[in-house]
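To start, the structure under review is shown below, and the notes come after it.
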Amino acid sequence: MEWTGLNELREKFLSFYETKEHLRLPSFSLIPQGDKSLLLINAGMSPMKKYFTGEITPPAYRVTTCQKCIRTPDIENVGKTARHGTYFEMLGNFSFGNYFKNEAIEWAWEFCTKIMEMDPERLYISVYLDDDEAFDIWTKKIGVDPSHMVRFGKEDNFWEHGAGPCGPCSEIYYDRGEKYGCGKPDCKVGCECDRYVEFWNLVFTQFENDGKNNYTPLKHPNIDTGMGLERLACISQGVDNLFEVDTIQNIMKHIAKIAGVEYHTNEKSDVSLRVITDHIRSTTFMIGDGVMPSNSGRGYVLRRLLRRAARHGRLLGINRPFLAEVCDTVINENKNAYPNLVEKRDFIINVISTEEENFNRTIDAGLDVLNEMIEKSTTKELDAEDAFKLQDTFGFPIDLTKEILEEKGMSVDEEKFKELVLVQRKRSRDAHKGAGAEGWNDTGVTTKGIEKTNFLGYENTVADGKIIAIITDDMRAEMLENGVDSFVVTDNTSFYAESGGQVGDTGVIKGDGFTFEVENTIKTNDGVFLHYGRIIDGDSAKIGDTVKTEIDADRRNCIARNHTAAHLLQAALRKVLGSHVEQAGQLVNEKEVRFDFSHFSAMTSDELKKVEDEVNAIILSSQAVTMTEMPIEEAKKTGAMALFGEKYGDVVRVVKAGDFSTELCGGTHVGSTGNLGLFKIIAETSVAAGVRRIQAVTGTGVLDYITNLNALISGTANALKVANTADIEKKAVSFAIEIKEKDREIESLTAQLTNMRSGSLFDNATEVKGIKIISANAGEISVDELRQLSDKAKAEGENVVAVIGAINKEKGSANFAASCSKGAIAKGVKAGDVVRAVAQMAGGNGGGKPDFAMAGAKDIDKVDSAISAVVEIVTALIKE
């Protein structure tokens, strides 16, 4: 067998199956589309579930792919051994009711022995215990020696996940030779040692499981095969594990060069090299597919991987941000197969750089606190409350805490930690409960059997229809009475249902003798439009009533202006900031457009002006806005932008504003950019790391904005006692200079007072074991003065410990500041320990660094007694 690079192997496989009339599809995104059961795509067939179930018609009945996959159940084990990894690619060929076992087996053998030129004597095959059909094909048709065949039971060779399609499978193994074996005389396929490597699994989906283990044959059985690309590369390249495969080894070499270490010379550094190599591959592809760092879901997986990689960089002695450099190598090694990585290079590197820099700040503060907690712990288990505080207050993740504790032979009470997290989540949920239409949960039960709504609202503001369902208190009803909040479903509607960031229409549904006021319109996954509201005129309505659906046309026009503005805004942002800009969310209502987008720094005033000018230029040129339905493949050829993560059907709606903007969109829009009137950005803020938000207004919204701004200017002029609004700036500058001069004067007087206080406070110092201890209650002084006094006390000598207290009678609270000079620290006295013990005597707590720390307290009546205890507390901490 000839040595073949990983990239060449991928191409060999896909090209081979194209010769077998398979449609080559690009890898699906790592973000599952329309599948809430998965956080991230973890197998080649995962994105194609609905092709197998028949819910969606596949683009061809024979398909081949190389699918990006992420598996994260054992992140903490990645690096510790060379077997574990989170990112891999899965080669696969699939048949949706087309061919079956004969072809699947024949082509798999052909690829292995003819294309890859594997020695047939090194190949072994497993089949399901009762699958005589597969056994006979392998032995009688293909000619595999029965001694190279094994039969396994359900646990190993039968694919199923509860109710649904399932079937036996057949696996192909490669014998790597005796040197990889365990040496036992009964070593064979299925042994836990590394000799026999399973690299290809052929799944024959031929049964339907009713959920009670009753199996009926499928009319159209399917084929689903999966082969790990990295595993195939290990066999082809004759290497022991995925970290020694050519493209992956190139990534590791870059890391080793930055760290100044070599692989296979030190087990600890080897672990870190493997961790970083694996995690930077995963994170590069995840960000390329639109995953952003966050504290939940797949965003948290990304953050966790990046932070773990960054920490292992520190363990290798890399004390600067470096992951973005290595990301460049990942992109370069994969650029031909995944060109989107090159297109999004700047964006991916920005995300990684920002996250690594943020984490470096987090880890410095968190490590200090964690080390302090570890020092104080009297057992081998860290308190769950401490671990929770690290995560909740300092952003120091629990998995990192566990890893560091493990290195020190400690652990943490994970169950108690989880309880604390759940309590916090419940508090958060309780604070954000939905109500009415906003809290509607489409369970798929209440609307079951209701026909999909026919939406006529693109062309009409009024539509004729009839009531086909009424839902009150989550229950289906025949009749609706006056004043009762309910959902009304009609066969036809002019009401746009909330989707794609555009709010739902409001208006009325009129029938014979009643008027139903629509407060909001939403829709289910099945396309049933739900009009939420109540009867405001008349007694009742019932199923079968003929009605007219009438939207609030003025409100719709405002929404349409803002939605078209969102499209123009995105195009302008990409033109001014770069192609890394992608929509990360939006809200379009009658008042404004709120647009979230990927970008890593606050926009400058110059950038905002350029974006605003670009949009207004298109508005003033009055370009036609067209909306056209076309096949999705044709739409992609027009260069239409798609919303990442949005599910699109075979036919899509393309919204085009002149030659400036082309997007796939199902929302409502104006007929000409000129209808927007004017566009004004009113705010630009941060939403999350790497995500910015622009709020803007159009049309009458701009007039309202100008009116409010004029009112603010007039109010400011009155407050500053300026007759002419043009003089506001001059007056404000004058006030600022005056305030600055007064601040300097106050600062000077404060320093004089501090010096006067310090003279009397430091007179009563006590010396214990060579350490000068200064303690005093300074009374009602500011926190800044407290810090200054503490610093001044520390400057009294090399062996000084100072604790100063201060009270705030208005707030009923107290503060303590402790400082320790180098000599005192050398003798075991740390400011954080001292101030904590003192504050606890006054009902408080705190801590900090060894040389300076602060604490707060609740009981001001106990400040004097706490200060009196300073000498005793410090004496107990001094090490002989």
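The values are calculated or read from the model by the stated rules, or taken from the named source; none is laboratory data. Please read these numbers as outputs of a predicted model, since none were measured by experiment. We place every Cβ from the backbone using ideal geometry, glycine too, and count neighbours over all the protein chains shown. Accessible surface areas use protein heavy atoms only, side chains included; no ligands, DNA or RNA. Shrake-Rupley method; radii C 1.70, N 1.55, O 1.52, S 1.80 Å.
At what distance in nm do the modelled label points of residue 376 and residue 83 sit from each other, each positioned 7 Å from its Cα along Cα→Cβ?
Distance between the two pseudo-spin positions: 4.1 nm.
Tell me, how many Å apart are the Cα centres for the range 496-557 and for the range 369-390?
Value for the Cα centre distance between the two parts: 57 Å.
Mind checking the dipole of the chain: about its Cα centre, +1 per Lys or Arg Cβ, -1 per Asp or Glu Cβ, Debye to the nearest 20?
On the way: 104 positive and 134 negative charges, 326 e Å.
Its charge dipole is roughly 1560 debye.
Per-residue ellipticity at 222 nm for the chain, helices alone: DSSP H runs ≥ 4 residues times -39500 (n - 2.57), over residue total, nearest 500 deg cm²/dmol?
Working: 25 runs with 331 residues, N = 880.
Roughly -12000 deg cm²/dmol at 222 nm, from the helical runs in the chain.
Going toward the positive end of the dipole of the chain, with +1 on Lys and Arg Cβ and -1 on Asp and Glu Cβ, which of 856, 202, 783 do you reach last?
783
Give the aspartates and glutamates whose C-alpha is closer than 16 Å to that of residue 219, dropping any in the same chain fewer than 8 places away, or say none.
Those aspartates and glutamates meeting the cut-off are 55, 208, 210.
Place a label point 7 angstrom from the Cα of residue 60 along the Cα-to-Cβ direction, then list the residues of the range 8-25 whose backbone nitrogen is under 17 Å away.
The answer is 11-25.
Tell me the relative contact order for the chain as a rounded percent, counting alpha carbon contacts under 8 Å between residues six or more apart. Walk me through the numbers before you get to the answer.
Values: 1634 pairs, mean separation 50.3, N = 880.
RCO, the chain: 6 percent.
Where in the range 345-384 does the amide nitrogen come within less than 15 Å of the point 7 Å from the Cα of residue 419, taken along Cα to Cβ?
Those under the cut-off are 383-384.
I want to check the label-to-label distance for residue 634 and residue 19. Put each point 7 Å from Cα in the C-beta direction and report it in nm to one decimal.
3.6
Quick check: pseudo-label points 7 Å beyond the Cα along Cα→Cβ at residue 712 and residue 459, how many nm apart are they?
4.5
What percent does the relative contact order of the range 49-113 come to when contacts are Cα pairs within less than 8 Å and at least six residues apart? If you can, show how the numbers build up before the last one.
Values: 58 pairs, mean separation 22.9, N = 65.
About 35 percent, as a whole number.
Quick one: which of 376/418; 68/416; 575/636; 179/380; 68/268 span more than 31 angstrom between C-alpha atoms?
On the way: 376/418 23 Å; 68/416 36 Å; 575/636 20 Å; 179/380 41 Å; 68/268 29 Å.
From the list (376/418; 68/416; 575/636; 179/380; 68/268), the Cα-Cα distance tops 31 Å for 68/416; 179/380.
For each pair in 184/253; 448/656; 50/548; 36/523, compute the distance between the two Cα atoms and list the pairs where it is over 28 Å.
Working: 184/253 36 Å; 448/656 36 Å; 50/548 37 Å; 36/523 18 Å.
Result: 184/253; 448/656; 50/548 exceed 28 Å.
Provide the gained length on full extension for the span residue 11 to residue 115, in nm with one decimal, where the gain is 0.36 nm per separating residue minus the Cα-Cα distance.
Details: separation 104, 0.36 × 104 = 37.44 nm, distance 1.16 nm.
In short, 36.3 nm is gained.
Please list, in order along the range 345-354, the HN-Hα scalar couplings obtained from phi with the Karplus expression 6.51 cos²θ - 1.76 cosθ + 1.60 (θ = phi - 60°), rounded to whole Hz, x for Gly and Pro.
Result, rounded to whole Hz: 3, 4, 5, 4, 5, 4, 4, 5, 4, 4.
Heavy atoms only, probe 1.4 Å: what % of the accessible area of the chain goes to carbon and sulfur, would you let me know?
Working: 20420 of 42290 Å².
That share works out to 48 percent.
Less than 25 Å apart at the alpha-carbon level, and either on another chain or at least 8 residues along: which lysines does that give for residue 140?
20, 101, 114, 154, 188
For Rg and Dmax of the Cα atoms in Å, several values are listed as (i) 34.3, 103; (ii) 31.3, 101; (iii) 34.1, 113; flag the one computed from this structure.
Given (i) 34.3, 103; (ii) 31.3, 101; (iii) 34.1, 113, the calculated one carries the label (i).
Between residue 315 and residue 553, what length comes free when the chain is fully extended (0.36 nm per residue of separation minus the Cα-Cα distance, one decimal in nm)?
Numbers: separation 238, 0.36 × 238 = 85.68 nm, distance 6.29 nm.
Taking 0.36 nm per residue and subtracting the Cα distance, the gain is 79.4 nm.
How many lysine pairs in the range 817-880, separated by 8 or more positions in sequence or lying on different chains, have Cα atoms less than 29 Å apart?
Qualifying lysine pairs in the range 817-880: 14.
Along the charge dipole of the chain, Cβ charges K/R +1 and D/E -1, which of 113, 710, 169 sits furthest on the positive end?
Selected residue: 710.
Near residue 344, which aspartates and glutamates are there with a Cα under 13 Å away, not counting those fewer than 8 places off in the same chain?
Residue 344 reaches 289, 328, 582.
Please work out the average accessible area per residue across the chain, using the 1.4 Å probe convention, and give it in Å².
Details: 42290 Å² over 880 residues.
Spelled out: the 1.4 Å probe surface of the chain, per residue, equals 48 Å².
Explain nothing, just the number: dipole magnitude of the range 109-244 about its Cα centre with +1 on each Lys and Arg Cβ and -1 on each Asp and Glu Cβ, in debye rounded to the nearest 20.
100
Quick one: in the range 522-625, what % of C-alpha pairs are over 15 Å apart? Don't jump to the answer; show the numbers that get you there.
Working: 3989 of 5356 pairs.
When every Cα pair of the range 522-625 is considered, 74 percent fall beyond 15 Å.
Relative contact order of the range 1-105: what whole-number percent is it, with Cα pairs under 8 angstrom and at least 6 residues apart? Could you put the intermediate results ahead of the total?
Numbers: 135 pairs, mean separation 29.1, N = 105.
Contact order relative to length: 28 percent.
Which whole-Hz couplings ³J(HN,Hα) result when phi for each residue of the range 163-180 is put into the Karplus expression 6.51 cos²θ - 1.76 cosθ + 1.60, θ = phi - 60°, listed in order with x for Gly and Pro?
These are the phi-based 3J(HN,Hα) values: 6, x, x, 7, x, x, 9, 10, 10, 10, 10, 10, 7, 7, x, 4, 5, 9 Hz.
Quick check for me: using +1 on Lys/Arg Cβ and -1 on Asp/Glu Cβ, what's the dipole size of the range 51-147 about its Cα centre, in debye to the nearest 20?
On the way: 10 positive and 16 negative charges, 85 e Å.
It comes to approximately 400 debye.
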